[in-house]
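Only one structure is covered here, and it is reproduced in the block below.
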Amino acid sequence: MSNDLLHGASGPGSALSRTSEQSAPGSKNGAARSRLGAQVVGRVAERLDEVLEAILRKLKVAIPSYATLDDPAQHVEERARVTALVLLSLRATLGQPYDETLIDAVRRTARRRAVRGFPLGAMLRSRDIKVRIVWDFIAEELARLAQSDPNGAYGLTIELSSRLLDSSAQLRQEEIAAYLDTEREHTNTGEQTRRKFFDDLLAGTSEDPEDLHKRAGRLGYRLGENHAVAVLTVDGPGVESSPVNNEVQNVLRRLNDAVSFAIVGAGMPLVQMRNDSVLAVFPALREDGERAISQTIESAIGPVQVPPGCHLLVGLGRIEPELRGIALSYRQALRTLEGAHATGMHSGVVSYADMLPSLLLLEDPTLAKDSWRTTVEPLFVYDAENGAQLVATLSVYLEERGVLATAAKRLFVHRHTLAPRLEQIEQLTGRSLQNRNDLFMLDLGLRARMFAQEKAINDES
């Protein structure tokens, strides 16, 4: 192997000879140094197996990612990679031109590292270790030479070390370029694959469930038996303008990170950021309920700051069974956002179940108008004429599901003050707050009124 390595390295016309002759005071000294260099590097090449084993031992100890070198197949594979770099380093010390085949091997190694997610820093550290050990072996041979020719060994040490450092820097750039190019390509391809997977889930693919689970596993996702989909958006004036939109994109990235770790009972959600929203598919247990998911999302996004005048609005679909339920829950989340905008809700987590009555009203504007006129219109009239707060009282009472203590606390009144207000509401509307159907109609009336007000505002604008 040393003969192959040193082919063309010595003699009057060799690269080392030419370089030595240029740097040495006399051509005879340059030629002599060339021969000495070839001898030193040739002895290191004869110890190639020893060099390779020293490098592999050091890599296992110094870099955790190389722990797999105990595996025979991994050991053989890595040995071949190390061989290419060692041969390139030895050729470089002789001033020989690079062997393109060996350089391609180094590039292929860098590309494989990028595809497998091997850290760039660890890769560069490993090559520094390899070059350092190659130099240690060269230094040993130079030390032996120094015993018989101190001056020759000194001059040769400077020359060989300079060449090795220069070649190391050049190879480092080749590796970095190959790694980063591959990482960019792999990232783009991986992102396209994940987006296609999400699109299939949200569109309701007919793919076999077992195959879909396998696709999810390859992407690092874990699907459950039941799922709920949330669509997170940033709402507010000027969102489309460039300065605000840039801030919104930063907010969406922070939302993406925050929701990625919002764990419900069945595990972590599948999350993907789109241009104007963040999509989250929550694997869920039936007993979790949408309220538990809603609270988890609220907790996750609470610390996220938004641009002035903007708000976080989240539409949450129901927990639906099986994989095909993901598409259904996604459509529910989108409808929920539509309903929230139509009824003047611009922030918070809104569930499909809570928005459903409003969505029914949106289907028929005439029905919506009749709903509030036959239920809560007297309350609005009374409040306007008397400066009262019966509408607010009813709204809070319904939101608190009829619990007087919490409703009174939110209204900043004593519960004994609240009771007469509720009686007055019943008298004016002709509805009983103890009757489930009446409660539903009153809630529907308030929603219809909100819808009518929001529509009027939108028509004016």
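The values are calculated or read from the model by the stated rules, or taken from the named source; none is laboratory data. Computed from a prediction, not measured in an experiment: that's the story for all the values here. Heads up, the Cβs are rebuilt from the backbone with ideal geometry, glycines too, and the neighbour counts pull from every protein chain shown.
For E183, are the conditions met, namely being in the same structural domain as L102 (by TED's automatic domain parsing) and at pLDDT 85 or above?
no
Would you mind stating whether P243 is over 24 Å from T296 (Cα atoms), in contact with a helix residue (DSSP H, G or I) (Cβ under 9 Å, 6 or more places away or on another chain) and modelled with pLDDT under 75?
no
How many residues are within 21 Å of V131 (Cβ to Cβ) and surrounded by 18 or more Cβ atoms within 10 Å (Cβ to Cβ) when one looks only at region 165-193?
Number satisfying all stated conditions: 6.
How about region 389-404: which of its residues are hydrophobic (A, V, I, L, M, F, W, C) and either in a helix (DSSP H, G or I) or touching a residue at least 24 places away in the same chain (Cβ under 8 Å) (or both)?
Across region 389-404, the qualifying residues are L390, V391, A392, L394, V396, L398, L404.
Restricting to region 82-101, count the residues that are buried (at least 17 other Cβ atoms within 10 Å of the Cβ) and either assigned to a helix (DSSP H, G or I) or of a type in the set (G, A, S) (or both).
13
Tell me the residue from P150, P119 that is over 38 Å from the mean Cα position of the chain (by Cα) and exposed (fewer than 15 other Cβ atoms within 10 Å of the Cβ), please.
P150
What residue, among those in region 321-366 that are without any contact (Cβ under 8 Å) to a residue 12 or more places away in the chain and over 26 Å from A203 (Cβ atoms), is nearest to the chain's Cα centre (by Cα)?
Looking at the filtered set, the residue picked out is D364.
All but one of (1) farther than 30 Å from F137 by Cβ; (2) of a type outside the set (A, V, I, L, M, F, W, C); (3) assigned to a helix (DSSP H, G or I) hold for N151, so report the exception by its number.
Evaluating N151 over (1) farther than 30 Å from F137 by Cβ; (2) of a type outside the set (A, V, I, L, M, F, W, C); (3) assigned to a helix (DSSP H, G or I) leaves (1) as the failure.
Check region 128-135 and report whether any residue there is among the aromatic types (F, W, Y), modelled with pLDDT of 85 or more and in the same structural domain as L165 (by TED's automatic domain parsing).
Yes, region 128-135 contains a residue that is among the aromatic types (F, W, Y), modelled with pLDDT of 85 or more and in the same structural domain as L165 (by TED's automatic domain parsing).
Kindly indicate whether any position in region 136-143 is over 18 Å from A114 (Cβ atoms) and β-branched (V, I, T).
yes
Is it true that P97 is over 37 Å from the mean Cα position of the chain (by Cα) and not acidic (D, E)?
The answer is yes for P97.
For region 301-308, check the following and say yes or no: at least one residue is aliphatic (A, V, I, L, M), in contact (Cβ under 8 Å) with a residue 24 or more places away in the chain and assigned by TED's automatic domain parsing to the domain that holds L418.
No, the conditions are met nowhere in region 301-308.
State which residue pairs qualify: first residue in the same structural domain as L88 (by TED's automatic domain parsing) and inside region 143-167, second residue loosely packed, with under 11 Cβ neighbours inside 10 Å in any location, beta carbons under 6 Å apart, and separation of 6 or more residues or different chains.
none
Any idea which of R107, R113 is among the basic types (K, R), in contact with a helix residue (DSSP H, G or I) (Cβ under 9 Å, 6 or more places away or on another chain), part of a helix (DSSP H, G or I) and surrounded by fewer than 21 Cβ atoms within 10 Å (Cβ to Cβ)?
Within the list R107, R113, the selection yields R107.
Hey, any hits in region 76-92 for a residue that's closer than 21 Å to S162 by Cβ, in the same structural domain as W135 (by TED's automatic domain parsing), among the small types (G, A, S) and touching a residue at least 40 places away in the same chain (Cβ under 8 Å)?
Yes: region 76-92 contains one or more residues that are closer than 21 Å to S162 by Cβ, in the same structural domain as W135 (by TED's automatic domain parsing), among the small types (G, A, S) and touching a residue at least 40 places away in the same chain (Cβ under 8 Å).
Of the residues S162, S167, only one is small (G, A, S), over 24 Å from V115 (Cβ atoms) and at pLDDT 85 or above; which?
S162
Could you list, in sequence order, all residues of region 163-222 that are in contact with a helix residue (DSSP H, G or I) (Cβ under 7 Å, 6 or more places away or on another chain), in a helix (DSSP H, G or I) and not hydrophobic (A, V, I, L, M, F, W, C)?
Those that are in contact with a helix residue (DSSP H, G or I) (Cβ under 7 Å, 6 or more places away or on another chain), in a helix (DSSP H, G or I) and not hydrophobic (A, V, I, L, M, F, W, C): R163, S167, S168, R172, E174, E175, Y179, T182, E183, H186, R215.
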